[in-house]
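The values are calculated or read from the model by the stated rules, or taken from the named source; none is laboratory data. This is a predicted model, so every value here is computed, not measured. When we count neighbours, we look across all protein chains shown, and the Cβ atoms used for this are built from the backbone with ideal geometry, even at glycine.
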Amino acid sequence: MQFKSRDRCLIIAEAGVNHNGKLELALELCDKAKEAGADVVKFQTWKTEKIITRNVAQAEYQTTNTGIQESQYDMLKKLELSYDDFRKIKRHCDEIGIVFSSTADEEESLDFLIELGIPFIKIGSGDIGNVSFLRYMGSKKLPVIMSTGMSSLADVDLSLSALRKGGAKDISILHCTTNYPCAYEDVNLKSMLTLRDAFHLTVGYSDHTMGKDVAVAAVALGASIIEKHFTLDSSMEGPDHAASTEPADFAELVKAVRRTEFFLGDGVKRPTEEEKKIAEVVTKRIVAAKEIQEGDILSADNLYVKRNDVGLKADQWDFVLGRVAGKEFHVDEGIII
């Protein structure tokens with residue numbers, strides 16, 4: 001999957017952990033993502049024991065959104081799906097015609113996902129600077145999409161170097177503000193352009209805001225990838241549901257992105273076929289300002305520019321000045337050399 005050559009934005013429905021640890025909900029998320037028009041439905045794959053120690057506290061937003069005070073370990077353990085679950089999810093995605101992907105949080109899960117057939121490696125913001133894992137991911141030689149929340153430009157540079165040292169070639173980077181939800185004043189969307197200009201890579205936006213406006217603005221600025229958290233119901237229990245987009249709203253986001261792409265066009269500045277027709281009646285041409293006799297010198301004294309259906313266009317003014325009239329011209333008659 002070469003993102004640099006895509007002719008439209010890749011839209012990722014970030015199902016994440018919004019399955020609440022239940023396979024049936026994960027399968028329904030796939031169905032709804034497909035119906036909403038997403039290109040990819042993406043999950044997260046991990047073995048809890050391999051990514052976190054037992055006493056790490058929840059992030060503030062996780063406690064707020066779940067209403068439960070517990071360790072991150074306990075929270076993640078309840079949300080963990082088995083490899084067999086992911087095999088079923090992948091098979092279901094293939095059947096309904098949506099691309100399956102998942103973020104691996106450790107090496108074993110990455111190896112499993114690659115064996116399962118993910119088309120690209122997605123790196124979450126939490127692994128920015130995780131040099132050894134980034135090198136391992138790079139060694140898989142798959143396209144990479146890396147989110148850059150909680151990081152500086154120097155952090156991104158370090159992470160890109162690690163990926164490339166591992167062997168990664170096709171890398172895309174997503175601007176991201178890691179908060180759930182992200183306040184509008186924290187979006188800083190121009191950072192996406194800073195990433196593009198600093199690293200000369202395909203860029204996109206991982207959107208944690210509410211609504212579709214910021215994602216649409218990102219596409220207008222040049223985002224080639226949009227990732228948006230996706231849920232069946234934002235009122236469900238779980239750490240990410242409250243900051244995620246429900247199917248109907250996600251479908252509206254997809255439509256808005258596609259409209260924006262349509263408006264952007266191909267970037268070639270040229271008159272449209274309709275403009276060419278209009279130009280025939282509104283284009284200004286060089287006409288005689290007074291009676292001109294054959295042999296007269298054409299000058300600003302005897303020429304004028306008006307809308308007319310005959311005569312040289314106004315952009316030929318300098319070409320006409322100083323030439324000898326080859327015939328008689330009446331007032332308002334178009335000048336032809």
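Before moving on, here are some points about what is shown:
- Unique residue being more than 27 Å from ALA248 (Cβ to Cβ) and in the same structural domain as THR231 (by TED's automatic domain parsing) when the list is ALA217, ALA168: ALA168
- Within segment 222-247, the set of residues being in contact with a strand residue (DSSP E or B) (Cβ under 9 Å, 6 or more places away or on another chain) and acidic (Asp, Glu) comprises GLU227, ASP240, GLU246.
- Residue selected from segment 73-90 under the condition among the aliphatic types (A, V, I, L, M) and under 14 Å from THR45 (Cβ atoms), by the criterion modelled with the lowest pLDDT: LEU76
- Check on ALA248, assigned to a helix (DSSP H, G or I), of a type in the set (Gly, Ala, Ser) and farther than 30 Å from LEU195 by Cβ: yes
- Residue within segment 39-49 that is at pLDDT below 95, assigned to a loop (DSSP other than H, G, I, E, B), assigned by TED's automatic domain parsing to the domain that holds ALA183 and of a type outside the set (A, V, I, L, M, F, W, C) present: no
- Every condition in (1) closer than 24 Å to THR177 by Cβ; (2) in a loop (DSSP other than H, G, I, E, B) is met by GLU294 except one, and the failing one is (1).
- Just so you know, in segment 91-113 the residues that are farther than 13 Å from GLN44 by Cβ and within 24 Å of the chain's Cα centre (by Cα) include one that is surrounded by the fewest Cβ atoms within 10 Å (Cβ to Cβ), and it is GLY97.
- Selection from segment 210-223 of residues that are surrounded by fewer than 21 Cβ atoms within 10 Å (Cβ to Cβ) and either without any contact (Cβ under 8 Å) to a residue 40 or more places away in the chain or in a loop (DSSP other than H, G, I, E, B) (or both): MET210, GLY211, LYS212, ASP213, VAL214, ALA217, LEU221, GLY222
- Selection within segment 318-337 - loosely packed, with under 15 Cβ neighbours inside 10 Å, at negative phi and at pLDDT 95 or above: ASP318, PHE319, LEU321, ARG323, VAL324, GLY326, LYS327, GLU328, HIS330, VAL331, ILE336
- Selected residue (only one of ALA288, ALA279 is at negative phi and modelled with pLDDT under 95): ALA279
- Condition check for GLY322: more than 30 Å from ALA33 (Cα to Cα), out of contact with any Ser or Thr (no Cβ under 8 Å at 6 or more places or on another chain) and part of a loop (DSSP other than H, G, I, E, B): no
- Flag if GLU291 is free of Cβ contacts under 8 Å to residues at least 60 places away in the same chain and among the charged types (D, E, K, R): yes
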